[in-house]
Structure formats: C-alpha cells, structure tokens
Amino acid sequence: MSVAATLPGTDAQPQHEAQAQYVLRLADTSLVLGQRLGEWIGHAPALEEDLALANISLDLIGQARLLLTYAGELEGRGRDEDALAFLRDAPEFFNLALAEQPNGDFAHTIVRQWLIDAWQLEIFAGLERGLDTRLAAIAAKAIRETRYHYRFSSGWLVRLGDGTEESHARTQRALAELWRFTPELFVPDELDERMSGAGIAPSLTELAPRWSARIAEDLRLATLTQPPTQPYPWHGKRGVHTEHLGYLLAEMQHLQRAYRGAHW
Amino acid sequence: MAAPSERALWQLLEGIPDPEIPVLSIVDLGIVREVRQEAGGRWRVAITPTYSGCPATDVIRQRVRAALDAAGCTDAVLEEVLSPPWTTDWLSPAGREKLRHFGIAPPAGSAASLRSLRGPPAVSCPRCGSRDSERVSEFGSTPCKAHYRCRACAEPFDYFKCL
C-alpha cells in the first residue's frame with residue numbers, strides 16, 4: 001500500500017487542496033463516529049439512551065454533511081457529500097483512529113464519546129475564531145450541539161465511574177483500551193501546522209492543556225484513574241487506520257457501491 | 001401574475017408549518033432569515049437549519065420552494081445560511097406561546113451549560129404550570145426536544161431544549 005501518495009501538508013500541495021484535506025479530517029471524524037453510534041439503534045440499555053445516541057449520531061452526520069460538501073467544493077473535482085462519504089476507501093478516510101473503534105459495551109461507547117466530545121469542544125471553539133468564514137460558521141453551529149453531547153457523555157462517565165463496582169470496573173477497562181488512541185488528538189502533523197499557521201485552525205499544542213484539564217477533572221469526579229500515555233502507531237488522520245474502519249465502511253457504503261447513485 | 005410584495009411573501013412563509021411541530025410556522029421558529037428583492041426584481045429567501053442533522057430541513061426547503069413557485073416566484077432564489085447559527089432565541093414570543101398550548105414546554109433560560117449533573121433549569125409543566133418537574137432524558141423524540149415529567153400532575157411532556 002502506498003501511504004506516501006496520500007500524505008498531506010507538504011508545502012508543494014496547493015492551499016485549496018491542503019484545506020480540503022484538513023476539512024475532510026473533521027468531516028470523517030464526525031461521519032465515522034456518527035455511523036458507530038447509529039449501530040446502537042434498537043440495542044441501547046434503555047429507550048432514553050437509545051434516543052440519545054441516535055440524536056447525537058444525527059447531529060454528527062449533519063455536521064459531516066456540511067463539512068463534506070465544503071471539502072468537495074474546495075477540492076474542485078466534482079465530488080459531492082455522497083461521493084465523499086460512500087465512494088472512498090479506508091486509506092482515503094482521515095478520521096481520528098479513536099472514532100472508528102468498535103462500540104464495545106455501553107461504558108466503552110461513553111468513554112469514546114466523551115474523549116471526542118471534549119476534543120470537539122476545543123477544536124470547534126478554535127475554528128469558530130478562525131479566518132475561514134465558511135468553516136467558522138459550521139463550527140459555530142456544531143459547537144452548540146457538541147455542548148449537549150458532552151453533557152450527556154460526561155454525565156454518564158461520572159454515573160458509571162462513580163456507580164457500582166461493576167460499572168466502575170467496566171468504565172476503567174474502556175478507558176485503558178481507548179486511552180492509547182488519544183495522543184493522535186493533539187500531536188500535530190504538517191497539515192495541522194500549516195492550517196494553524198494560516199489562521200484557519202487552532203494550534204493543537206495550545207489546545208492540549210485545556211482538553212487535559214477537562215478530562216482530568218471529569219475523571220476525578222468519576223473516581224477513575226488516568227492510564228499512562230503510550231506510544232501509538234495509528235495515524236487515522238493520515239489515512240493509516242485500525243482494521244475496524246474497513247468493516248464499518250463495508251456496512252455503511254454497501255448500498256451505494258452495489259447500486260451506484262441509488263435514490264429513494 | 002403580479003409580483004408579490006415583501007409582506008405577501010412573509011405571509012406566504014408564515015403559512016408553512018414546521019414538519020415536526022406543525023403548530024409552529026417556519027417563521028415562528030426563526031428558520032426564515034431574510035426576504036429580500038434584488039436590483040433586477042428577483043426575490044431571495046434565506047433559511048437556516050435548526051440542528052445540523054435535522055431531517056426536517058430538506059422537507060422545509062421543498063415546501064418553501066413549492067410555495068414560492070405556486071405564488072409565481074419561480075425565479076426566486078432559495079438560499080441556506082449558517083451564520084449566525086440558529087438558537088432557540090430565534091423563536092418568536094408568539095411561537096413560545098403556541099408551543100405551550102400544544103403541550104411542549106418552551107425553552108427556559110439561555111444556551112446550554114456544559115455540566116449536566118449540576119441540574120437542568122426549572123421547566124414549567126405545559127399542562128398544570130408547576131415548576132416541580134424532572135428531566136427524564138436530555139434527548140427526546142426529535143433533535144430539538146428533551147423528555148420531562150411533571151411531579152405535580154404526573155404528566156410526561158416534551159421540552160423544547162435550549163440551544
């Protein structure tokens with residue numbers, strides 16, 4: 001597999017292409033996480049949580065639609081939101097590897113959601129103040145929804161962590177399994193640096209302490225222990241994914257692949 | 001057909017109900033941002049989505065288009081604007097009252113705070129008016145609603161949540 005061909009952010013890449021690729025990263029994280037949450041529909045532990053996860057999924061997919069449409073326009077190759085969502089393969093997806101991790105049990109889903117909600121709060125706040133007015137408008141819209149998502153996920157994190165022995169153990173286990181994917185959230189690559197240098201995106205290194213402080217405070221309330229930081233080999237935002245993304249895409253894209261351009 | 005006035009267009013749009021809360025018009029909800037005539041005489045109508053993923057947005061767009069066409073404004077431009085983002089502050093006072101009559105508690109207070117466990121704002125029951133209510137779930141039957149229960153009259157109800 002030629003990963004080098006997709007590596008973004010070099011100075012040689014024209015600005016609009018670099019920007020399109022950056023917007024795709026944001027779009028793909030929302031889309032993939034939204035698809036994962038959709039897998040819970042009909043399976044959540046209670047009707048209220050089923051509705052909550054479906055609603056959050058809907059918001060994330062709505063954000064992804066706005067972002068994908070914009071990425072397609074920036075790219076200028078005639079791809080619309082559907083072409084970008086349904087006709088790209090895993091190495092052309094640039095979501096955080098954390099977003100594609102399987103749902104596991106409810107605690108697993110909550111921990112994944114909470115880690116990403118807290119990240120999106122910082123990212124969208126930064127984009128809202130950025131120089132790209134279109135991206136700022138999308139972020140301003142999205143962050144209001146993200147606040148709701150975070151209230152839900154952080155509320156559950158505390159209930160589960162500071163709940164029964166069983167719920168505490170499961171939540172701590174989920175944290176141990178998912179923590180290794182979090183360095184990717186804040187380690188910038190060339191593309192991240194190019195976008196923050198252009199005043200479009202926030203600086204990841206500046207956001208990191210705010211995210212860490214929020215996470216530490218929530219963990220304290222939830223009586224959970226932060227796992228040690230580990231080296232990570234996944235670079236979802238550069239198209240290098242865990243095996244799970246391929247299966248997710250197979251399910252999400254099957255219809256549009258089998259019946260190209262199908263409508264109903 | 002004579003070109004309609006701006007007032008006539010607003011009235012036309014006030015006649016379009018929201019697909020999920022039909023007691024409210026899209027004007028009550030603050031979905032219609034602008035009705036404006038261009039120099040050449042062509043009308044522009046700007047609408048804004050409520051939630052990013054609200055499935056009603058597509059239906060609203062189709063209904064506005066159909067209403068404009070039926071009024072003879074086939075050349076009117078329908079555009080979607082994101083900024084400034086829609087919030088529940090765009091809901092008109094008349095819209096809030098209509099919601100309450102319909103059995104949905106209108107949004108109380110300002111935009112969402114970050115912490116849920118410290119408690120949601122007090123929400124009045126749309127049936128009996130008691131403020132002694134409890135939140136069953138932050139999420140309800142549509143993206144814009146949360147699920148509440150009145151402790152005074154025991155009635156479950158929807159709350160149009162603050163965004």
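Taking the conditions exactly as written (under 20 Å from the mean Cα position of the chain (by Cα) and within 14 Å of chain B (Cβ to nearest Cβ)), does A:Tyr22 satisfy them or not?
For A:Tyr22, the condition - under 20 Å from the mean Cα position of the chain (by Cα) and within 14 Å of chain B (Cβ to nearest Cβ) - is not met.
Can you pull out the helices (runs of 4 or more DSSP H) entirely within segment A:44-158 that have at least 3 residues that are touching a helix residue (DSSP H, G or I) at 6+ places or on another chain (Cβ under 7 Å) and not hydrophobic (A, V, I, L, M, F, W, C)?
A:47-75, A:106-128
Within segment B:126-145, how many residues are at pLDDT 90 or above, buried (at least 16 other Cβ atoms within 10 Å of the Cβ) and assigned to a strand (DSSP E or B)?
Count: 1.
Take B:Asp58 and tell me if it is within 14 Å of chain A (Cβ to nearest Cβ) and either of a type outside the set (Gly, Ala, Ser) or surrounded by fewer than 17 Cβ atoms within 10 Å (Cβ to Cβ) (or both). Before the answer, list the steps.
Details: within 14 Å of chain A (Cβ to nearest Cβ): yes; either of a type outside the set (Gly, Ala, Ser) or surrounded by fewer than 17 Cβ atoms within 10 Å (Cβ to Cβ) (or both): yes.
The answer is yes for B:Asp58.
Among the residues of segment B:69-87, is there at least one that is assigned to a helix (DSSP H, G or I) and either in contact with a helix residue (DSSP H, G or I) (Cβ under 7 Å, 6 or more places away or on another chain) or outside the structural domain of B:Arg127 (by TED's automatic domain parsing) (or both)?
Yes, some residue in segment B:69-87 is assigned to a helix (DSSP H, G or I) and either in contact with a helix residue (DSSP H, G or I) (Cβ under 7 Å, 6 or more places away or on another chain) or outside the structural domain of B:Arg127 (by TED's automatic domain parsing) (or both).
Just need a number here: residues in segment A:215-247 that are within 14 Å of chain B (Cβ to nearest Cβ) and either surrounded by fewer than 19 Cβ atoms within 10 Å (Cβ to Cβ) or within 18 Å of A:Thr29 (Cβ to Cβ) (or both).
Final tally of qualifying residues: 5.
Right, B:Ser92: within 11 Å of chain A (Cβ to nearest Cβ) and at pLDDT below 90 or not?
On the way: within 11 Å of chain A (Cβ to nearest Cβ): no; at pLDDT below 90: yes.
No: the conditions fail for B:Ser92.
Taking into account only those residues within segment A:35-69 that are surrounded by fewer than 24 Cβ atoms within 10 Å (Cβ to Cβ) and under 12 Å from the mean Cα position of the chain (by Cα), which is farthest from the other protein chains (Cβ to nearest Cβ)?
So the residue we want is A:Arg36.
With the checklist (1) assigned to a helix (DSSP H, G or I); (2) loosely packed, with under 13 Cβ neighbours inside 10 Å in hand, flag the one item A:Gly199 doesn't pass.
With respect to (1) assigned to a helix (DSSP H, G or I); (2) loosely packed, with under 13 Cβ neighbours inside 10 Å, A:Gly199 is out only on (1).
Conditions first: (1) out of contact with any Ser or Thr (no Cβ under 8 Å at 6 or more places or on another chain); (2) closer than 20 Å to A:Ala18 by Cβ. A:Leu96 passes all but one, so which condition is the exception?
A:Leu96 satisfies all of (1) out of contact with any Ser or Thr (no Cβ under 8 Å at 6 or more places or on another chain); (2) closer than 20 Å to A:Ala18 by Cβ except (1).
Taking only pairs six or more apart or across chains, which ones have beta-carbon atoms under 6 Å, a first residue in segment B:39-55 that is within 14 Å of chain A (Cβ to nearest Cβ), and a second residue that is hydroxyl-bearing (Ser, Thr, Tyr)?
Here the result reads B:Pro49/B:Thr57, each pair linking segment B:39-55 to a residue that is hydroxyl-bearing (Ser, Thr, Tyr).
What number of residues within segment B:1-35 are outside any helix (DSSP H, G or I), under 26 Å from B:Leu163 (Cβ atoms) and of a type outside the set (Asp, Glu)?
Total satisfying the criteria: 17.
What pairs come up if the first residue lies in segment A:246-264 and is in a loop (DSSP other than H, G, I, E, B), the second is surrounded by 11 or more Cβ atoms within 10 Å (Cβ to Cβ), and their beta carbons are under 8 Å apart, counting only those six or more places apart or on different chains?
A:Ala262/A:Leu255; A:Ala262/A:Gln256
Taking the residues in segment A:116-155 that are more than 9 Å from chain B (Cβ to nearest Cβ), among the hydrophobic types (A, V, I, L, M, F, W, C) and more than 19 Å from B:Thr50 (Cβ to Cβ) as candidates, determine which candidate is surrounded by the fewest Cβ atoms within 10 Å (Cβ to Cβ).
If we take residues in segment A:116-155 being more than 9 Å from chain B (Cβ to nearest Cβ), among the hydrophobic types (A, V, I, L, M, F, W, C) and more than 19 Å from B:Thr50 (Cβ to Cβ), then A:Leu131 is surrounded by the fewest Cβ atoms within 10 Å (Cβ to Cβ).
Hey, does segment B:75-95 have a residue that's closer than 14 Å to B:Trp10 by Cα, among the charged types (D, E, K, R) and in contact (Cβ under 8 Å) with a residue 12 or more places away in the chain?
For segment B:75-95, residues closer than 14 Å to B:Trp10 by Cα, among the charged types (D, E, K, R) and in contact (Cβ under 8 Å) with a residue 12 or more places away in the chain: absent.
The values are calculated or read from the model by the stated rules, or taken from the named source; none is laboratory data. Everything numeric in this text was worked out from a predicted model, so none of it was measured. Methodologically, a virtual Cβ is constructed for each residue, glycine included, from the backbone with ideal geometry; neighbour enumeration extends over all protein chains shown.
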